[in-house]
């Protein structure tokens, strides 16, 4: 379904964006591997997370959605214990979710079962060998796979999983998490070494469920994470913070739309996820934090965002792991800034739901913005305004669709996207929420 975004007067109001997708996936998976009940509030009820919930049910956990004591919605997961997954009767379909699929591969790799993994056309095109390679070192076997280690594939978990020391080839929380989840069933210590630290949600939540996890610095920017295997995980209460990746869209929309002043509640402020906030502040953005607190180890805060005059900057490559999903909407902010913004080291964007590096450039060109790709760098020539007037092809990618609609909120002429259907994978309420703030979508 297509949608057009037109220039609006201003964005104002207070909202809470959906629960963090990374935390939602992990809460379901670790709840399913724990003994007893895990109660989850604030779970993101997008298609990606709901597919992970269905996978946990198919693997033997009991998963229920019900009203909580305050009249809100809570999810209950009754787990099967570490290594206790059962062979599913049908393939596990993860739709568009690379995170759900790759993390569950890790969890299945430590169980003596066989499971088939599948997804939509976009997920079938994404590489899985980077996950499968370390899992095979731990004793899992790939029974069948499509060309290049892609879906659909069938994975047989290890009967006697081996603890390993694994140095990740790229900074990837998905690789790290898959190895650690498989390592739960292995005797001894499983260790992952990263040259650049990726988001640490799995480590924090493993500790919350009772696992023994030690994380220490390794090199200038890296981490060494060690997990003692075969713990008895216990069900725990989890409050899912608001997703900083989802918050990125109303934040940038407010920054570029004159007269805007919005408040976002309970946004996760984990420093390994807030590279965008750091970058926007360097560009001159007014983003204020208050009411800070923690839940399940994760920090969160209220953010007040006001329209700001932005300036072009250079974004260093080592910041990429802390904002890998936010470069598309950062490119929009850069287009409205004065001067050149250079975003370096974006190779990982080429293996997302689409080639997001090329997609970012195409999106900006559709809006009349001068942009260049040099190797793995994106160079945006900001002129303080965006002409707009173009049609953006989303390539089944939810973040392209939302970024393009944000661009249209302040462009001189409307911006149209060809299909908004995939926004439901991560932010089902995006369009009505933005309209409540004052966005003009039609």
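Readers should treat all values here as calculations from the given coordinates under stated rules, not as data from a laboratory. What you are looking at is a predicted structure, and each value in this text was computed from that prediction instead of being measured.
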**Q.** Angle between the chain longest axis and helix 356-366 axis [Cα atoms, degrees, rounded to 10]
**A.** 20
Q: Express the relative contact order of the chain as a whole percentage, based on alpha carbon pairs under 8 Å and six or more residues apart in sequence.
A: 19
Q: Just the number, please: Stokes-Einstein D of the range 12-75 in µm²/s, Kirkwood Rh from C-alpha pairs, 4 °C, 1.567 mPa s.
A: 104
Q: Give the Rg (one decimal place) followed by the Dmax (whole number) of the range 372-442, computed from C-alpha coordinates and expressed in Å.
A: 13.2, 40
(Q) Can you say what percent of the DSSP beta bridges in the chain, counting only those with both residues inside, are antiparallel? Round to 5. (A) 75
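How large is the helix-only mean residue ellipticity at 222 nm for the chain, computed as the sum of -39500 (n - 2.57) over DSSP H runs with n ≥ 4, divided by its residue count, in deg cm²/dmol to the nearest 500?
-9000 deg cm²/dmol
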Q: With the Cα gyration tensor of the range 310-442 in hand, give its eigenvalues times 5 under a square root as the equivalent ellipsoid semi-axes, listed largest first in whole angstrom.
A: 22, 18, 13
Q: Count the DSSP beta bridges whose two residues both fall in the range 250-346, then state the antiparallel fraction as a percent rounded to the nearest 5.
A: 80
Q | Max mean-square fluctuation residue, GNM over the chain, Cα-Cα springs under 10 Å, options 91, 316, 387 | A | 316
Q: Treating the Cα atoms of the range 312-378 as identical point scatterers in vacuum, please give the log10 of the normalised Debye intensity I(q)/I(0) at q = 0.19, 0.28 Å⁻¹, two decimals.
A: -0.66, -1.50
Q. When the scattering of the range 222-303 is computed by the Debye formula from its Cα atoms alone, each counted once and equally, what is log10 I(q)/I(0) at q = 0.11, 0.21 Å⁻¹?
A. -0.40, -1.01
Q) Just 72, 19, 382 to compare: in a GNM of the chain, with alpha carbon springs under 10 Å, which one fluctuates most? A) 72
Q.
Roughly how far apart, in whole Å, are the Cα centres of the range 53-93 and the range 231-275?
A. 25
Q: Would you mind checking the tilt of helix 47-58 against the longest principal axis of the Cα atoms of the chain, expressed as 0 to 90 degrees and rounded to 10?
A: 10
(Q) Taking only Cα atoms of the range 262-382, what ratio of Rg to Rh do you get with Rh as the Kirkwood inverse-distance radius? (A) 0.99
**Q.** Cα coordinate range in the range 42-88, projected on the principal axes (Å, largest first)
**A.** 35, 22, 13
**Q.** Within a Gaussian network of the chain (alpha carbon springs, distance under 10 Å), most fluctuating of 216, 15, 104
**A.** 216
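Before anything else, pin down the relative contact order of the range 21-229: Cα pairs under 8 Å, at least 6 apart, normalised by residue count, whole percent.
Value for the range 21-229: 16 percent.
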(Q) Just to confirm the number: angle between the C-alpha axis of helix 21-33 and the first principal axis of the chain, 0 to 90 degrees, nearest 10? (A) 10
Q | Debye intensity ratio in log₁₀ form over the Cα atoms of the range 102-161, taken at each q of 0.15, 0.18, 0.26 Å⁻¹ | A | -0.36, -0.52, -1.05
**Q.** Whole-number D in µm²/s for the range 21-229 (Stokes-Einstein; Kirkwood sum over Cα pairs; 25 °C, 0.890 mPa s)
**A.** 145
Q: Compute the relative contact order of the range 18-113 as a whole-number percentage, counting only Cα pairs closer than 8 Å that sit 6 or more residues apart in sequence.
A: 33
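Counting residues in the range 120-239 as N, plug N into 2.2 N^0.38 Å and put the Cα Rg over that result.
Details: Rg = 14.8 Å, N = 120, 2.2 N^0.38 = 13.6 Å.
Output field value: 1.09.
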Q. Considering only DSSP beta bridges whose two residues both sit in the range 21-229, what percent are antiparallel, to the nearest 5?
A. 85
